[in-house]
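Report on the structure given below.
The values are calculated or read from the model by the stated rules, or taken from the named source; none is laboratory data. This one's a predicted model, so the numbers in the text were calculated from it and none came from an experiment. Every residue, glycine as well, gets a Cβ built from its backbone with ideal geometry; the counts of neighbours run over all protein chains shown.
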Amino acid sequence: MRKRTLVAIGAFVAMAGAVAAVTVPAQAGTAKPSKKALEIGRQVLAANDGWAAEGTGTTGGSAADADQVFVVRNRAELIAALGGDNATNATNSTPKIIYVSGTIDANVDDNNQPLTCADYADPEYSLDAYLAAYDPAVWGMDTKPSGPLEDARVRSAKNQTARAMVYVGSNTTIIGLRGSKITGMNLMVSKVDNVILRNLAFEDANDCFAAWTPTDGSAGNWNSLYDTVSVIGSTHVWVDHNNFSDGNNTDDQQPVYLGRPYQGHDGLLDITKAADLVTVSHNRFFDHDKTMLIGSTNTVGADVDKLRVTIRNNEFSGVGQRLPRVRFGKVDVYNNFYRLTDEDTFEYAWGVGVYSAIYAENNFFLRSADIPLGDFVYNWGGTAMTEIGTLVRVGTQKPVAVSLVEAFNASSDTDTDLGTDAGWVPALRAGPVLPTAVVQTTVPKQAGAGKLGL
């Protein structure tokens with residue numbers, strides 16, 4: 001297959017605010033952005049729209065020159081648009097707007113030919129041999145795997161990481177055109193500032209070489225490496241109108257190894273390591289387990305006074321946990337719709353971690369009658385969270401006003417009660433908060449990729 005070249009498009013005359021003529025070669029998979037798409041690509045986060053509006057605000061690549069506006073259709077073109085070298089693209093702060101057309105699969109070579117797990121595997125790695133070597137009956141449960149087979153697994157993982165992890169620089173907007181998709185990728189927004197991700201459908205960031213960790217919990221666990229999007233140590237990030245899921249490769253389909261479910265996916269959108277000033281709006285998170293982790297360590301350090309995140313008008317459907325789980329951060333969670341009806345996969349919604357300060361207002365839960373109200377909050381070492389205006393509905397019954405924090409406290413048989421005052425009140429919000437009763441109908445109509453009309 002002929003390697004496609006990167007397409008740069010002269011898309012916008014910034015001073016006049018007019019759209020210039022766009023010429024895109026007629027190649028398979030090419031999509032010409034509409035006038036509306038070109039205008040949306042220049043949009044910035046509105047004033048006061050959550051924590052990402054703090055200070056300088058979030059403008060992404062809105063100031064991009066015409067030669068820094070691109071349509072990309074495969075991994076190689078995306079890497080080129082981001083700067084040309086995945087190893088250094090995170091340092092490319094030139095304003096840029098990147099439109100994704102069609103499906104971009106990260107698991108391909110430089111000629112866009114597909115790569116499988118077998119292609120990444122080190123010659124000395126074998127899953128059967130790995131399972132035999134680290135079987136708890138052989139290896140035990142007190143020590144993490146080490147030795148030749150673990151070394152071979154790590155080398156295999158590095159091979160996949162070189163393709164799956166794609167790095168984004170500062171002052172970047174990435175926006176999906178109609179029907180576009182990104183699959184198998186861990187998009188890394190790491191130690192940069194001013195990034196916008198909109199109208200993208202992220203699927204199946206699957207780790208071929210998940211690590212066995214016998215010391216994780218009482219029975220051990222498999223731990224995967226990749227999120228679909230990782231916001232690490234970055235500031236001013238706006239994540240809006242995207243889809244996040246495992247696609248057709250959900251973890252509940254995976255086998256059980258060493259007595260524990262094999263898990264090929266980590267987070268859908270994780271915000272960690274002193275990341276700060278993030279707004280997450282109008283997204284759909286579905287068909288996944290560990291959904292959104294904010295803060296990755298209990299250790300007091302760089303995360304203090306960081307991890308300030310707004311999560312508003314999102315839909316969470318068929319997800320297991322971390323909606324979100326929070327450490328340290330002041331996190332504003334309002335007007336979200338939670339469709340949590342599978343008692344076999346659901347664990348909890350709001351995880352209250354150490355030094356966390358969650359402010360949850362006017363969120364709507366559709367739940368299975370088999371999921372107790374006390375299960376929607378979990379105490380991971382926190383002390384308090386503010387909760388206002390929650391409604392819960394079972395099936396077609398009338399919604400009921402509840403306090404999920406009080407339900408957790410009433411159901412807990414240990415000394416883990418949570419207080420009801422997070423100690424702060426959000427000031428940065430995009431207009432009036434919706435009445436909770438309309439969240440169940442309004443949010444699903446507006447959340448997710450494809451809802452911007454592109």
| said: Could you list, ordered by first residue, the pairs with Cβ atoms under 6 Å in which the first is in segment 390-401 and under 17 Å from residue 333 (Cα atoms) and the second is of a type in the set (Val, Ile, Thr), at least 6 apart or interchain? | reply: 390/402; 391/436; 392/400; 392/402
| request: Restricting attention to strands (runs of 3 or more DSSP E) lying wholly within segment 140-200, give those where 1 or more residues are surrounded by fewer than 23 Cβ atoms within 10 Å (Cβ to Cβ). | output: 165-167, 181-183, 186-190, 193-198
| said: Out of everything in segment 33-58 that is of a type in the set (Ser, Thr, Tyr) and surrounded by fewer than 19 Cβ atoms within 10 Å (Cβ to Cβ), what residue ends up being farthest from residue 310 (Cα to Cα)? | reply: 34
| query | among the small types (Gly, Ala, Ser) and modelled with pLDDT of 95 or more, is that true of residue 46? | reply | yes
| task | Scan segment 71-89 and report the pairs whose first residue is in contact (Cβ under 8 Å) with a residue 40 or more places away in the chain and charged (D, E, K, R) and whose second residue is part of a loop (DSSP other than H, G, I, E, B) and surrounded by 19 or more Cβ atoms within 10 Å (Cβ to Cβ), with Cβ atoms within less than 6 Å and a gap of 6+ or a chain change. | result | 73/101; 75/106
| Is it the case that segment 118-128 has a residue that's touching a Lys or Arg at 6+ places or on another chain (Cβ under 6 Å) and crowded, with 18+ Cβ neighbours inside 10 Å? | yes
| task | Determine whether segment 177-199 contains at least one residue that is at positive phi and of a type in the set (Gly, Ala, Ser). | result | yes
| query | Is it the case that residue 341 is β-branched (Val, Ile, Thr), over 25 Å from residue 435 (Cβ atoms) and out of contact with any Cys (no Cβ under 6 Å at 6 or more places or on another chain)? | reply | no
| query | Out of all the residues in segment 33-54, which are in contact with a strand residue (DSSP E or B) (Cβ under 7 Å, 6 or more places away or on another chain), within 13 Å of residue 236 (Cβ to Cβ) and part of a loop (DSSP other than H, G, I, E, B)? | reply | 45, 49, 50, 54
| note | Of the residues in segment 400-432, those that are among the aliphatic types (A, V, I, L, M), in a loop (DSSP other than H, G, I, E, B) and buried (at least 17 other Cβ atoms within 10 Å of the Cβ) come to 418, 422, 428, 430
| note | Of (1) farther than 17 Å from residue 439 by Cα; (2) touching an Asp or Glu at 6+ places or on another chain (Cβ under 6 Å), residue 388 fails just (1)
| If you go through segment 165-187 one residue at a time, do you hit one that is without any contact (Cβ under 8 Å) to a residue 60 or more places away in the chain and either in contact with an Asp or Glu (Cβ under 9 Å, 6 or more places away or on another chain) or over 26 Å from residue 116 (Cβ atoms) (or both)? | yes
| request: Tell me, yes or no, whether segment 96-106 has at least one residue that is closer than 30 Å to residue 257 by Cβ, assigned to a loop (DSSP other than H, G, I, E, B) and not hydrophobic (A, V, I, L, M, F, W, C). | output: no
| Looking only at segment 245-260, and only at residues there that are among the acidic types (Asp, Glu) and not in a loop (DSSP other than H, G, I, E, B), the one that is farthest from the chain's Cα centre (by Cα) | 252
| message | Under 7 Å between Cβ atoms, which residue pairs at least 6 apart in sequence (or on different chains) link something in segment 436-453 that is touching a residue at least 40 places away in the same chain (Cβ under 8 Å) and surrounded by 14 or more Cβ atoms within 10 Å (Cβ to Cβ) with a partner that is assigned to a helix (DSSP H, G or I) and not small (Gly, Ala, Ser)? | response | 452/40
